[in-house]
Amino acid sequence: MRVFLVILFMIIFVALQISLAPIISIKEIAPNLVLIFVFFVAFSLGQTYGIWIGFFSGFMSDLFDSTNFGLNMGLFLIVGFVIGSMKARFYKDNVFVDIIIFAITILLYEIVYALFLWQFSVGIFFLNILRYSIPRVFYSILISLFLFSLLRKTPHLAPGN
Amino acid sequence: MLKNHKKNYLKSFNLWVFIVLLLFSIFSYTARGNLKLDFTRGISSSILYPFEKSITFIKNIFGLYRKNTALRNEIATISLEIQRCANIKRENRILRELYGFKPMFDFNLIHCEIIGKSPGLYNKSLIIDGGLEDGIGKNMPVISANGLVGKIIETTQKSSELSTLYNRNFFVSAIDLRSRVQGIVKWQREKVLILDDVPLHSDVKVEDTLLTSGMGGVFPKGIFIGRVTKVKESPKEIVMHIEIEPFVDFSLLESVFAITESSTSSILSISVTDNLKMVMVHIDMFKVIKNPQSFSLNLSDNFNQKIGFFKKCRSSALRNINDVMF
(Lines give C-alpha, C1' and ligand atoms only; values in the text may rest on other atoms or scores of the structure.)
Protein backbone atom coordinates (compact mmCIF):
# COMPACT_ATOMS: atom_id res chain seq x y z
CA MET A 1 0.00 0.00 0.00
CA ARG A 2 2.82 2.39 0.95
CA VAL A 3 4.71 1.74 -2.30
CA PHE A 4 1.58 2.35 -4.36
CA LEU A 5 0.82 5.59 -2.51
CA VAL A 6 4.39 6.87 -2.82
CA ILE A 7 4.38 6.21 -6.58
CA LEU A 8 1.00 7.92 -6.95
CA PHE A 9 2.24 10.96 -5.04
CA MET A 10 5.40 11.02 -7.14
CA ILE A 11 3.33 11.20 -10.34
CA ILE A 12 1.14 13.93 -8.86
CA PHE A 13 4.15 15.98 -7.75
CA VAL A 14 5.84 15.74 -11.18
CA ALA A 15 2.55 16.78 -12.84
CA LEU A 16 2.20 19.67 -10.38
CA GLN A 17 5.78 20.76 -11.07
CA ILE A 18 5.15 20.88 -14.79
CA SER A 19 1.70 22.45 -14.82
CA LEU A 20 0.99 24.11 -11.45
CA ALA A 21 4.44 25.49 -10.55
CA PRO A 22 4.51 27.88 -13.56
CA ILE A 23 1.07 29.20 -12.52
CA ILE A 24 2.09 29.96 -8.94
CA SER A 25 5.48 31.31 -9.99
CA ILE A 26 6.38 34.87 -9.04
CA LYS A 27 8.37 36.64 -11.75
CA GLU A 28 9.28 33.24 -13.21
CA ILE A 29 10.54 31.97 -9.87
CA ALA A 30 8.74 28.68 -9.30
CA PRO A 31 9.10 26.40 -6.27
CA ASN A 32 10.77 23.02 -6.72
CA LEU A 33 7.88 20.77 -5.72
CA VAL A 34 9.51 17.52 -6.86
CA LEU A 35 12.57 18.15 -4.72
CA ILE A 36 10.30 18.81 -1.74
CA PHE A 37 8.67 15.42 -2.27
CA VAL A 38 11.92 13.54 -2.89
CA PHE A 39 13.38 15.07 0.26
CA PHE A 40 10.32 14.20 2.32
CA VAL A 41 10.21 10.58 1.15
CA ALA A 42 13.94 10.06 1.70
CA PHE A 43 13.93 11.74 5.09
CA SER A 44 10.87 10.03 6.47
CA LEU A 45 10.93 6.63 4.75
CA GLY A 46 14.67 6.06 4.43
CA GLN A 47 17.35 5.41 1.87
CA THR A 48 15.71 2.67 -0.23
CA TYR A 49 12.65 4.81 -0.93
CA GLY A 50 14.88 7.88 -1.33
CA ILE A 51 17.01 6.28 -4.04
CA TRP A 52 14.16 4.91 -6.14
CA ILE A 53 11.84 7.89 -5.79
CA GLY A 54 14.73 10.29 -6.39
CA PHE A 55 15.73 8.44 -9.53
CA PHE A 56 12.26 8.01 -11.02
CA SER A 57 10.97 11.48 -10.23
CA GLY A 58 14.14 12.92 -11.77
CA PHE A 59 13.68 10.66 -14.77
CA MET A 60 10.07 11.79 -15.24
CA SER A 61 11.00 15.46 -14.85
CA ASP A 62 13.82 15.08 -17.36
CA LEU A 63 11.50 13.55 -19.94
CA PHE A 64 9.93 17.01 -20.19
CA ASP A 65 13.25 18.80 -20.50
CA SER A 66 15.20 16.97 -23.19
CA THR A 67 17.98 19.60 -23.22
CA ASN A 68 19.21 18.59 -19.78
CA PHE A 69 18.14 14.96 -19.77
CA GLY A 70 19.81 13.11 -16.90
CA LEU A 71 20.56 16.16 -14.77
CA ASN A 72 17.55 16.02 -12.45
CA MET A 73 17.75 12.24 -12.46
CA GLY A 74 21.28 12.32 -11.03
CA LEU A 75 20.69 15.19 -8.62
CA PHE A 76 17.44 13.84 -7.17
CA LEU A 77 19.08 10.43 -6.85
CA ILE A 78 21.94 11.93 -4.82
CA VAL A 79 19.44 13.84 -2.66
CA GLY A 80 17.47 10.61 -2.07
CA PHE A 81 20.58 8.66 -1.17
CA VAL A 82 22.22 11.24 1.13
CA ILE A 83 19.04 12.42 2.87
CA GLY A 84 17.83 8.82 3.22
CA SER A 85 21.00 7.94 5.11
CA MET A 86 20.35 10.85 7.51
CA LYS A 87 16.92 9.59 8.51
CA ALA A 88 18.08 7.46 11.44
CA ARG A 89 20.13 10.28 12.98
CA PHE A 90 18.01 13.37 12.40
CA TYR A 91 14.38 12.39 11.84
CA LYS A 92 12.22 13.72 14.66
CA ASP A 93 8.56 14.43 15.09
CA ASN A 94 9.22 18.08 14.39
CA VAL A 95 8.63 19.65 11.00
CA PHE A 96 11.23 22.38 11.61
CA VAL A 97 14.07 19.84 11.58
CA ASP A 98 12.85 18.85 8.12
CA ILE A 99 12.80 22.49 7.04
CA ILE A 100 16.35 23.24 8.21
CA ILE A 101 17.85 20.20 6.47
CA PHE A 102 15.69 20.87 3.40
CA ALA A 103 16.97 24.46 3.23
CA ILE A 104 20.58 23.23 3.13
CA THR A 105 19.67 20.54 0.58
CA ILE A 106 17.89 22.85 -1.86
CA LEU A 107 20.62 25.47 -1.61
CA LEU A 108 23.26 22.89 -2.57
CA TYR A 109 20.96 21.48 -5.28
CA GLU A 110 20.46 24.91 -6.84
CA ILE A 111 24.20 25.65 -6.82
CA VAL A 112 25.06 22.34 -8.51
CA TYR A 113 22.14 22.71 -10.95
CA ALA A 114 23.28 26.22 -11.89
CA LEU A 115 26.85 24.96 -12.33
CA PHE A 116 25.65 22.45 -14.89
CA LEU A 117 23.28 24.89 -16.55
CA TRP A 118 25.78 27.68 -17.04
CA GLN A 119 28.93 25.65 -17.39
CA PHE A 120 29.75 27.46 -20.60
CA SER A 121 29.30 30.95 -19.22
CA VAL A 122 30.96 31.27 -15.83
CA GLY A 123 30.65 35.06 -15.81
CA ILE A 124 26.90 34.98 -15.36
CA PHE A 125 26.88 32.08 -12.90
CA PHE A 126 26.99 34.16 -9.69
CA LEU A 127 24.56 36.71 -11.06
CA ASN A 128 22.04 33.97 -11.81
CA ILE A 129 22.55 32.36 -8.44
CA LEU A 130 21.58 35.64 -6.78
CA ARG A 131 18.81 36.54 -9.17
CA TYR A 132 17.11 33.16 -9.66
CA SER A 133 18.45 30.38 -7.47
CA ILE A 134 18.30 32.15 -4.09
CA PRO A 135 14.70 33.38 -4.56
CA ARG A 136 13.79 29.86 -5.71
CA VAL A 137 15.32 28.43 -2.53
CA PHE A 138 13.27 30.78 -0.34
CA TYR A 139 10.06 30.17 -2.27
CA SER A 140 10.55 26.39 -2.07
CA ILE A 141 11.22 26.57 1.68
CA LEU A 142 8.01 28.56 2.12
CA ILE A 143 5.99 26.00 0.18
CA SER A 144 7.72 23.13 1.98
CA LEU A 145 6.45 24.46 5.35
CA PHE A 146 2.93 23.77 4.19
CA LEU A 147 3.68 20.59 2.22
CA PHE A 148 5.73 18.87 4.93
CA SER A 149 2.95 19.36 7.47
CA LEU A 150 0.43 18.02 4.96
CA LEU A 151 2.53 15.02 3.92
CA ARG A 152 3.29 14.09 7.55
CA LYS A 153 -0.45 13.75 8.14
CA THR A 154 -0.96 11.56 5.07
CA PRO A 155 -1.50 7.91 6.01
CA HIS A 156 1.37 5.55 5.03
CA LEU A 157 3.72 8.37 4.04
CA ALA A 158 5.24 9.21 7.41
CA PRO A 159 7.07 6.45 9.37
CA GLY A 160 4.68 6.60 12.35
CA ASN A 161 1.59 6.05 10.20
CA MET B 1 22.34 -10.09 15.33
CA LEU B 2 20.02 -11.04 12.44
CA LYS B 3 18.58 -7.53 12.42
CA ASN B 4 22.07 -6.00 12.24
CA HIS B 5 23.02 -8.32 9.42
CA LYS B 6 19.89 -7.40 7.49
CA LYS B 7 20.60 -3.70 8.04
CA ASN B 8 24.18 -4.00 6.75
CA TYR B 9 23.05 -6.01 3.74
CA LEU B 10 20.41 -3.39 2.92
CA LYS B 11 22.98 -0.62 3.26
CA SER B 12 25.46 -2.24 0.89
CA PHE B 13 22.65 -3.17 -1.52
CA ASN B 14 21.44 0.44 -1.52
CA LEU B 15 24.97 1.62 -2.19
CA TRP B 16 25.29 -0.63 -5.24
CA VAL B 17 21.88 0.40 -6.54
CA PHE B 18 22.86 4.03 -6.02
CA ILE B 19 26.14 3.62 -7.92
CA VAL B 20 24.45 1.85 -10.85
CA LEU B 21 21.67 4.43 -11.10
CA LEU B 22 24.13 7.31 -10.78
CA LEU B 23 26.25 5.90 -13.60
CA PHE B 24 23.08 5.58 -15.68
CA SER B 25 22.23 9.23 -14.95
CA ILE B 26 25.72 10.39 -15.92
CA PHE B 27 25.55 8.35 -19.12
CA SER B 28 22.11 9.81 -19.91
CA TYR B 29 23.37 13.35 -19.37
CA THR B 30 26.43 12.90 -21.56
CA ALA B 31 24.46 11.10 -24.27
CA ARG B 32 21.43 13.43 -24.12
CA GLY B 33 19.97 14.08 -27.52
CA ASN B 34 21.11 10.70 -28.82
CA LEU B 35 18.87 8.63 -26.55
CA LYS B 36 15.75 7.10 -28.06
CA LEU B 37 13.14 7.70 -25.40
CA ASP B 38 9.99 7.89 -27.50
CA PHE B 39 8.41 4.84 -25.89
CA THR B 40 9.17 5.91 -22.29
CA ARG B 41 8.14 9.47 -23.07
CA GLY B 42 4.89 8.18 -24.53
CA ILE B 43 4.04 6.21 -21.39
CA SER B 44 5.05 9.05 -19.11
CA SER B 45 3.03 11.59 -21.08
CA SER B 46 -0.02 9.34 -21.06
CA ILE B 47 0.19 9.05 -17.26
CA LEU B 48 0.74 12.76 -16.68
CA TYR B 49 -1.58 14.04 -19.42
CA PRO B 50 -4.85 13.85 -17.41
CA PHE B 51 -3.23 15.65 -14.45
CA GLU B 52 -1.74 18.38 -16.63
CA LYS B 53 -4.95 18.82 -18.59
CA SER B 54 -7.07 19.05 -15.42
CA ILE B 55 -4.78 21.64 -13.82
CA THR B 56 -4.77 23.73 -17.01
CA PHE B 57 -8.56 23.40 -17.21
CA ILE B 58 -9.03 24.63 -13.64
CA LYS B 59 -6.58 27.48 -14.24
CA ASN B 60 -8.47 28.48 -17.39
CA ILE B 61 -11.84 28.52 -15.61
CA PHE B 62 -10.53 31.07 -13.11
CA GLY B 63 -9.35 33.41 -15.82
CA LEU B 64 -12.35 32.88 -18.10
CA TYR B 65 -14.20 36.16 -17.54
CA ARG B 66 -11.07 38.32 -17.79
CA LYS B 67 -9.94 36.42 -20.87
CA ASN B 68 -13.36 36.69 -22.50
CA THR B 69 -13.44 40.48 -22.15
CA ALA B 70 -9.91 40.81 -23.48
CA LEU B 71 -10.66 38.51 -26.41
CA ARG B 72 -13.80 40.45 -27.37
CA ASN B 73 -11.75 43.62 -27.62
CA GLU B 74 -9.07 41.80 -29.55
CA ILE B 75 -11.60 40.32 -32.00
CA ALA B 76 -12.96 43.77 -32.79
CA THR B 77 -9.46 45.08 -33.53
CA ILE B 78 -8.44 42.00 -35.51
CA SER B 79 -11.63 42.02 -37.61
CA LEU B 80 -10.78 45.49 -38.86
CA GLU B 81 -7.20 44.44 -39.47
CA ILE B 82 -8.32 41.33 -41.42
CA GLN B 83 -10.47 43.46 -43.72
CA ARG B 84 -7.51 45.74 -44.37
CA CYS B 85 -5.14 42.79 -44.85
CA ALA B 86 -7.47 40.95 -47.23
CA ASN B 87 -7.31 43.92 -49.56
CA ILE B 88 -3.53 44.16 -49.29
CA LYS B 89 -3.21 40.39 -49.80
CA ARG B 90 -5.20 40.57 -53.01
CA GLU B 91 -3.07 43.45 -54.26
CA ASN B 92 0.07 41.57 -53.26
CA ARG B 93 -0.99 38.45 -55.13
CA ILE B 94 -1.73 40.42 -58.29
CA LEU B 95 1.62 42.24 -58.11
CA ARG B 96 3.49 38.99 -57.45
CA GLU B 97 1.87 37.38 -60.47
CA LEU B 98 2.75 40.41 -62.59
CA TYR B 99 6.41 40.29 -61.58
CA GLY B 100 6.60 36.49 -61.67
CA PHE B 101 7.45 36.13 -57.94
CA LYS B 102 6.86 32.89 -56.05
CA PRO B 103 3.56 32.78 -54.16
CA MET B 104 3.77 33.50 -50.43
CA PHE B 105 3.17 30.64 -48.01
CA ASP B 106 -0.25 30.18 -46.53
CA PHE B 107 0.13 28.64 -43.11
CA ASN B 108 -2.01 25.83 -41.78
CA LEU B 109 -2.21 26.35 -38.03
CA ILE B 110 -3.05 23.90 -35.25
CA HIS B 111 -4.12 25.52 -32.01
CA CYS B 112 -2.58 24.01 -28.84
CA GLU B 113 -2.87 24.85 -25.16
CA ILE B 114 0.26 25.00 -23.04
CA ILE B 115 -0.19 22.38 -20.35
CA GLY B 116 3.26 22.44 -18.83
CA LYS B 117 6.60 24.13 -18.66
CA SER B 118 10.01 22.52 -18.19
CA PRO B 119 10.92 22.16 -14.51
CA GLY B 120 14.21 24.02 -14.88
CA LEU B 121 14.94 27.73 -14.78
CA TYR B 122 13.40 29.87 -17.56
CA ASN B 123 10.96 28.47 -20.07
CA LYS B 124 13.44 26.49 -22.12
CA SER B 125 10.79 24.05 -23.20
CA LEU B 126 7.01 23.96 -23.04
CA ILE B 127 4.58 21.06 -23.14
CA ILE B 128 1.51 21.48 -25.36
CA ASP B 129 -1.65 19.41 -25.59
CA GLY B 130 -1.27 18.56 -29.28
CA GLY B 131 0.53 15.44 -30.44
CA LEU B 132 0.81 12.97 -33.29
CA GLU B 133 -2.97 12.45 -33.16
CA ASP B 134 -3.46 16.11 -34.03
CA GLY B 135 -0.99 16.06 -36.89
CA ILE B 136 1.90 17.59 -35.00
CA GLY B 137 5.38 16.30 -35.83
CA LYS B 138 8.99 16.98 -34.95
CA ASN B 139 10.60 20.23 -36.13
CA MET B 140 7.29 21.97 -36.78
CA PRO B 141 7.54 25.72 -36.13
CA VAL B 142 5.40 27.08 -33.30
CA ILE B 143 4.12 30.64 -33.16
CA SER B 144 1.81 32.78 -31.06
CA ALA B 145 -0.10 35.92 -31.96
CA ASN B 146 3.03 37.96 -31.19
CA GLY B 147 5.60 35.95 -33.10
CA LEU B 148 7.91 32.96 -33.10
CA VAL B 149 7.78 30.73 -30.01
CA GLY B 150 10.02 27.81 -31.05
CA LYS B 151 9.82 24.41 -32.66
CA ILE B 152 8.59 20.95 -31.73
CA ILE B 153 11.41 18.72 -30.47
CA GLU B 154 9.55 15.70 -29.10
CA THR B 155 6.11 14.32 -29.80
CA THR B 156 3.88 11.69 -28.25
CA GLN B 157 0.35 10.68 -29.22
CA LYS B 158 -1.36 13.39 -27.16
CA SER B 159 1.27 15.94 -26.25
CA SER B 160 4.48 17.47 -27.53
CA GLU B 161 7.52 19.25 -26.16
CA LEU B 162 8.62 22.40 -27.87
CA SER B 163 11.95 24.11 -27.57
CA THR B 164 11.60 27.87 -27.08
CA LEU B 165 13.91 30.65 -28.22
CA TYR B 166 15.51 30.49 -24.76
CA ASN B 167 16.87 27.00 -25.35
CA ARG B 168 20.63 26.93 -25.86
CA ASN B 169 20.23 24.44 -28.73
CA PHE B 170 17.78 26.65 -30.60
CA PHE B 171 18.95 28.58 -33.67
CA VAL B 172 16.91 30.39 -36.29
CA SER B 173 18.00 32.26 -39.39
CA ALA B 174 16.73 35.85 -39.25
CA ILE B 175 16.50 38.92 -41.45
CA ASP B 176 16.26 42.60 -40.52
CA LEU B 177 12.93 43.93 -41.77
CA ARG B 178 14.40 47.36 -42.57
CA SER B 179 17.90 46.69 -43.93
CA ARG B 180 17.54 42.99 -44.99
CA VAL B 181 20.75 42.12 -43.08
CA GLN B 182 20.77 38.42 -42.22
CA GLY B 183 22.10 36.50 -39.23
CA ILE B 184 21.45 33.66 -36.84
CA VAL B 185 19.32 34.24 -33.75
CA LYS B 186 20.34 32.24 -30.68
CA TRP B 187 20.00 32.35 -26.90
CA GLN B 188 22.78 34.03 -25.00
CA ARG B 189 21.76 34.48 -21.37
CA GLU B 190 18.65 34.84 -19.22
CA LYS B 191 16.08 36.51 -21.48
CA VAL B 192 18.56 37.85 -23.99
CA LEU B 193 18.89 36.56 -27.54
CA ILE B 194 21.61 37.61 -29.94
CA LEU B 195 21.79 38.01 -33.69
CA ASP B 196 25.03 36.27 -34.56
CA ASP B 197 27.16 36.10 -37.71
CA VAL B 198 26.49 39.71 -38.73
CA PRO B 199 29.67 41.29 -40.17
CA LEU B 200 31.00 44.54 -38.67
CA HIS B 201 29.51 47.81 -39.94
CA SER B 202 26.30 46.11 -41.10
CA ASP B 203 23.18 48.25 -41.11
CA VAL B 204 21.44 47.08 -37.93
CA LYS B 205 19.99 49.62 -35.52
CA VAL B 206 18.28 49.54 -32.14
CA GLU B 207 14.48 49.06 -32.50
CA ASP B 208 14.89 47.17 -35.79
CA THR B 209 12.48 44.28 -36.24
CA LEU B 210 13.77 40.79 -37.00
CA LEU B 211 11.83 38.18 -38.96
CA THR B 212 12.56 34.59 -39.91
CA SER B 213 14.43 34.54 -43.20
CA GLY B 214 13.12 31.16 -44.36
CA MET B 215 16.65 29.79 -44.75
CA GLY B 216 17.15 26.25 -43.48
CA GLY B 217 13.71 25.02 -44.41
CA VAL B 218 12.31 24.65 -40.87
CA PHE B 219 10.81 28.10 -40.31
CA PRO B 220 8.74 29.76 -43.02
CA LYS B 221 9.79 33.24 -44.09
CA GLY B 222 8.33 36.30 -42.41
CA ILE B 223 7.52 35.27 -38.85
CA PHE B 224 8.24 37.99 -36.30
CA ILE B 225 11.05 37.09 -33.87
CA GLY B 226 11.97 40.16 -31.88
CA ARG B 227 13.28 43.68 -31.64
CA VAL B 228 16.92 44.79 -31.51
CA THR B 229 17.71 46.26 -28.08
CA LYS B 230 21.47 46.75 -28.22
CA VAL B 231 24.06 47.05 -30.98
CA LYS B 232 27.77 47.01 -30.18
CA GLU B 233 30.77 46.99 -32.48
CA SER B 234 34.24 46.17 -31.30
CA PRO B 235 37.33 46.32 -33.54
CA LYS B 236 38.61 43.18 -31.80
CA GLU B 237 35.63 41.17 -33.04
CA ILE B 238 34.84 40.15 -36.58
CA VAL B 239 31.07 40.22 -36.04
CA MET B 240 28.69 42.70 -34.42
CA HIS B 241 27.18 42.10 -31.00
CA ILE B 242 23.42 42.51 -31.43
CA GLU B 243 21.03 41.82 -28.58
CA ILE B 244 17.38 41.03 -29.22
CA GLU B 245 14.26 40.97 -27.10
CA PRO B 246 11.67 38.46 -28.37
CA PHE B 247 8.17 39.75 -29.13
CA VAL B 248 6.69 36.79 -27.28
CA ASP B 249 6.46 37.09 -23.50
CA PHE B 250 6.99 33.47 -22.52
CA SER B 251 5.80 33.98 -18.96
CA LEU B 252 2.33 35.04 -20.17
CA LEU B 253 2.01 32.48 -22.94
CA GLU B 254 -1.10 30.29 -22.64
CA SER B 255 -1.68 28.91 -26.10
CA VAL B 256 0.31 28.56 -29.29
CA PHE B 257 -0.10 27.52 -32.92
CA ALA B 258 1.92 24.81 -34.60
CA ILE B 259 2.52 25.42 -38.28
CA THR B 260 1.86 22.28 -40.27
CA GLU B 261 2.78 21.81 -43.91
CA SER B 262 1.81 24.99 -45.67
CA SER B 263 -1.07 24.71 -48.10
CA THR B 264 1.32 25.65 -50.90
CA SER B 265 2.68 22.49 -52.47
CA SER B 266 6.29 21.80 -53.37
CA ILE B 267 5.42 22.99 -56.89
CA LEU B 268 5.54 26.76 -56.70
CA SER B 269 4.64 27.51 -60.29
CA ILE B 270 4.40 25.87 -63.69
CA SER B 271 4.77 28.01 -66.78
CA VAL B 272 4.88 27.23 -70.45
CA THR B 273 7.07 29.04 -72.95
CA ASP B 274 5.42 31.13 -75.63
CA ASN B 275 6.14 28.60 -78.34
CA LEU B 276 4.69 25.88 -76.08
CA LYS B 277 7.78 23.71 -76.50
CA MET B 278 9.04 23.88 -72.97
CA VAL B 279 7.42 23.70 -69.50
CA MET B 280 9.22 25.41 -66.62
CA VAL B 281 8.51 24.11 -63.14
CA HIS B 282 9.52 26.14 -60.06
CA ILE B 283 9.93 23.84 -57.07
CA ASP B 284 10.69 24.24 -53.37
CA MET B 285 13.74 21.99 -52.98
CA PHE B 286 13.41 21.75 -49.18
CA LYS B 287 9.96 20.25 -49.54
CA VAL B 288 11.07 17.94 -52.32
CA ILE B 289 13.94 16.58 -50.23
CA LYS B 290 11.65 16.24 -47.21
CA ASN B 291 8.89 14.44 -49.05
CA PRO B 292 9.83 13.23 -52.54
CA GLN B 293 6.69 11.06 -52.88
CA SER B 294 4.40 14.00 -52.29
CA PHE B 295 6.45 15.96 -54.83
CA SER B 296 5.83 13.46 -57.63
CA LEU B 297 2.10 13.42 -56.80
CA ASN B 298 1.99 17.22 -56.70
CA LEU B 299 3.83 17.41 -59.99
CA SER B 300 1.43 15.10 -61.78
CA ASP B 301 -1.61 16.89 -60.24
CA ASN B 302 -0.30 20.33 -61.13
CA PHE B 303 0.80 19.21 -64.53
CA ASN B 304 -2.61 17.71 -65.30
CA GLN B 305 -4.31 20.90 -64.11
CA LYS B 306 -2.04 23.03 -66.25
CA ILE B 307 -2.43 20.76 -69.27
CA GLY B 308 -6.20 20.91 -68.76
CA PHE B 309 -5.98 24.68 -68.76
CA PHE B 310 -3.89 24.76 -71.93
CA LYS B 311 -6.11 22.19 -73.56
CA LYS B 312 -8.97 24.62 -73.18
CA CYS B 313 -6.88 27.43 -74.61
CA ARG B 314 -4.81 25.94 -77.36
CA SER B 315 -5.46 22.25 -77.60
CA SER B 316 -3.88 21.87 -81.01
CA ALA B 317 -0.49 23.28 -79.95
CA LEU B 318 -0.25 21.00 -76.90
CA ARG B 319 1.32 18.09 -78.75
CA ASN B 320 4.41 20.23 -79.32
CA ILE B 321 5.35 20.18 -75.62
CA ASN B 322 8.25 17.76 -75.46
CA ASP B 323 10.50 18.91 -72.67
CA VAL B 324 10.11 19.56 -68.95
CA MET B 325 12.77 21.75 -67.36
CA PHE B 326 13.52 21.88 -63.61
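The values are calculated or read from the model by the stated rules, or taken from the named source; none is laboratory data. These numbers come from a predicted model, not from an experiment. Glycine gets a Cβ as well: all are built from the backbone with ideal geometry, and neighbour counts include every protein chain shown. Accessible surface areas use protein heavy atoms only, side chains included; no ligands, DNA or RNA. Shrake-Rupley method; radii C 1.70, N 1.55, O 1.52, S 1.80 Å.
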Which is the longest part of chain A that has none of the trypsin sites (Lys or Arg not before Pro) sitting in a DSSP loop with at most 10 other Cβ atoms within 10 Å?
A:93-161
The correct pair for segment B:181-239, radius of gyration to one decimal and Dmax as a whole number, both in Å and from Cα atoms, is 11.9, 35
Whole-number accessible area per residue in Å² for segment B:88-237, which is evaluated in the context of all protein chains at 1.4 Å
49
At B:Phe39 and B:Ile78, where each label point lies 7 Å from the Cα along Cα→Cβ, what is the point-to-point distance in nanometres?
4.2
Here the net charge surrounding A:Tyr132, from other residues whose Cβ is less than 12 Å away from its Cβ (Lys, Arg +1; Asp, Glu -1), is +2
Length gained when the stretch B:Thr69-B:His201 is fully extended (0.36 nm per residue, less Cα-Cα span):
42.8 nm
For the residue pair B:Ile26 and B:Tyr99, what label-to-label distance in nm results when each label sits 7 Å from Cα along the Cα-to-beta-carbon direction?
6.0
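A plus B alone minus the pair: what accessible area, both sides summed, probe 1.4 Å, in Å² to 100?
The contact between B and A buries close to 4400 Å².
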Provide the net charge surrounding B:Ile238, with neighbours chosen by a C-beta distance below 13 Å and charges set as Lys +1, Arg +1, Asp -1, Glu -1.
-3
So the carbon and sulfur contribution to the accessible area of segment B:72-194, 1.4 Å probe, in percent, is 55
Students often get this wrong: which residues of segment B:47-64 have the backbone nitrogen under 16 Å from the point 7 angstrom along Cα-to-C-beta of A:Ser25?
B:56
Extending each Cα 7 Å along its Cβ direction at B:Ser251 and A:Ile104, get the distance between those two points in nm, one decimal.
3.3
Under the Debye formula (equal points on every Cα, no solvent term), log10 I(q)/I(0) of chain A at q = 0.11 Å⁻¹
-0.40
